[in-house]
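K.L.:
Sharing a structure below in structure tokens format, with a few things to ask.
The values are calculated or read from the model by the stated rules, or taken from the named source; none is laboratory data. Note that this is a predicted model, so its numbers are computed, not measured. Here Cβ is always computed from backbone atoms with ideal geometry, including for glycine, and neighbour counts include all displayed protein chains. Please note that ligands, DNA and RNA were not included when accessible areas were found on the heavy atoms of the full protein model with its side chains. Shrake-Rupley method; radii C 1.70, N 1.55, O 1.52, S 1.80 Å.
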Amino acid sequence: MKIYHHIDDFNPVKNAVVTIGTFDGVHLGHRKIIARIKELAEATGGETVMLTFFPHPRMILHPEDESIKLINTINEKAELLEQLGIDHLIITPFSRDFSNQSAEAYIRDVLVKQIGTKKIVIGYDHRFGKDRQGGLNDLLQAGPIYGFDVVEIPEQDIHEVAVSSTRIREALLNGKIDLANEFLGYPFFITGKVTRGDQIGRQIGYPTANILIEEKYKLIPADGIFSAKIFIDGSIYKGMAYIGSRPTINGLFRNIEVNIFDFDAEIYGHQIKMEFHHFVRADIKFSSLDDLTKQLAQDKIDVLALLVDGL
């Protein structure tokens, strides 16, 4: 997959089959659209082109709203799209100027001149242009003029999987990892850098890797203990992840930590990926470190029982 960080870097390709959107989560509903553009590209000898935006439009149009959280970072999204076989990913910077284009200018200048669209595949409710005034009808009217076909993914096809990025975010924020993963079609994951903590986990026999998520917009699930799989330098390990402010030791900040089973290598500074597979229990305050240690022993047993499918 070729990645372009501005639409100006992209040169039109033969028989471009295009789709557009934020695709946060790259979930089952999105995958219907991706499967369709791949099918059409194969049938026409064309190439698939996805146009997405970063920052997310809401971050630019509503900068005062710090509650905006996304399922994927832009790099995580690119990783998922590459796995799905997209040929070209255009990540164009979203700006107020871009959002103020008329629907007509957007079709003429972006879709036709800059991308060379021959077929465009969109969901039934896709909106674009200034004040989101453009939609399916505008594309259908412009298609014969500019020489491209419009393929609609109808409402029933998308809603057949009963999924949306909003529902996935809600599931994650409520600790419903199983439901979120079902909607996503893959385990929710985070990527981040391992940083040095205060070593309390090591003192009680459960050393943890503290994970720093540099992208402040990345959604972090509800507090608690989770079964997890951890990807480090090409190897996969089982572990139990923790999200919370460590109330037993009166912690002041929300942490993301993971106790990696059967692992003792030095990985400070490494980038790791962690998949969340099951919610094990909520975060609670224990009366002592001894009580916490006993519970962690039970948590490990529970996590290993949940991860019986191996690696």
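K.L.:
Which condition breaks for ALA180 when tested against (1) buried (at least 16 other Cβ atoms within 10 Å of the Cβ); (2) within 12 Å of LEU28 (Cβ to Cβ); (3) among the aliphatic types (A, V, I, L, M); (4) at pLDDT below 95?
P.N.:
Going through the list (1) buried (at least 16 other Cβ atoms within 10 Å of the Cβ); (2) within 12 Å of LEU28 (Cβ to Cβ); (3) among the aliphatic types (A, V, I, L, M); (4) at pLDDT below 95, ALA180 breaks only (4).
K.L.:
Which one is surrounded by the most Cβ atoms within 10 Å (Cβ to Cβ) among residues in the stretch 1-26 that are of a type outside the set (Ser, Thr, Tyr) and part of a strand (DSSP E or B)?
P.N.:
Only one residue tops the list, namely VAL17.
K.L.:
Here is a follow-up. Identify the residue in the stretch 202-232 that is polar (S, T, N, Q) and out of contact with any helix residue (DSSP H, G or I) (no Cβ under 7 Å at 6 or more places or on another chain) and, among all such residues, is surrounded by the most Cβ atoms within 10 Å (Cβ to Cβ).
P.N.:
Checked the stretch 202-232; the qualifying residue surrounded by the most Cβ atoms within 10 Å (Cβ to Cβ) is ASN210.
K.L.:
Can you tell me which residue among LYS113, LYS119 is open to solvent by 10 Å² or more (accessible area, probe 1.4 Å), part of a helix (DSSP H, G or I) and modelled with pLDDT of 90 or more?
P.N.:
LYS113
K.L.:
Kindly evaluate GLY29 against the criterion of being farther than 22 Å from PHE98 by Cα, assigned to a loop (DSSP other than H, G, I, E, B), touching a residue at least 24 places away in the same chain (Cβ under 8 Å) and of a type in the set (Gly, Ala, Ser).
P.N.:
Considered against the rule, which asks whether it is farther than 22 Å from PHE98 by Cα, assigned to a loop (DSSP other than H, G, I, E, B), touching a residue at least 24 places away in the same chain (Cβ under 8 Å) and of a type in the set (Gly, Ala, Ser), GLY29 comes out as no.
K.L.:
Go through the stretch 266-286 and report how many residues are in contact (Cβ under 8 Å) with a residue 24 or more places away in the chain and either open to solvent by 50 Å² or more (accessible area, probe 1.4 Å) or touching a helix residue (DSSP H, G or I) at 6+ places or on another chain (Cβ under 6 Å) (or both).
P.N.:
Qualifying residue count for the region: 11.
K.L.:
Picking from PHE23, PHE53, PHE10, which residue would you name as being at pLDDT 90 or above and either of a type in the set (D, E, K, R) or touching a Phe, Trp or Tyr at 6+ places or on another chain (Cβ under 7 Å) (or both)?
P.N.:
PHE10
K.L.:
While we're looking at this one, here's another question. Going by what's in this entry, would VAL17 be described as touching a residue at least 40 places away in the same chain (Cβ under 8 Å), of a type outside the set (Gly, Ala, Ser) and in contact with a Ser or Thr (Cβ under 6 Å, 6 or more places away or on another chain)?
P.N.:
yes
K.L.:
Given the criterion closer than 30 Å to LEU179 by Cα, under 16 Å from the mean Cα position of the chain (by Cα) and not in a helix (DSSP H, G or I), identify the matching residue among ILE68, ILE34.
P.N.:
Going through ILE68, ILE34 in turn, just one is closer than 30 Å to LEU179 by Cα, under 16 Å from the mean Cα position of the chain (by Cα) and not in a helix (DSSP H, G or I): ILE68.
K.L.:
Here's another thing I want to ask about it. Would you say ASP138 is buried (at least 17 other Cβ atoms within 10 Å of the Cβ), over 24 Å from GLU66 (Cα atoms), over 23 Å from the mean Cα position of the chain (by Cα) and charged (D, E, K, R)?
P.N.:
yes
K.L.:
Just to be sure I understand, how many residues within the stretch 91-104 are at pLDDT 90 or above and assigned to a helix (DSSP H, G or I)?
P.N.:
1
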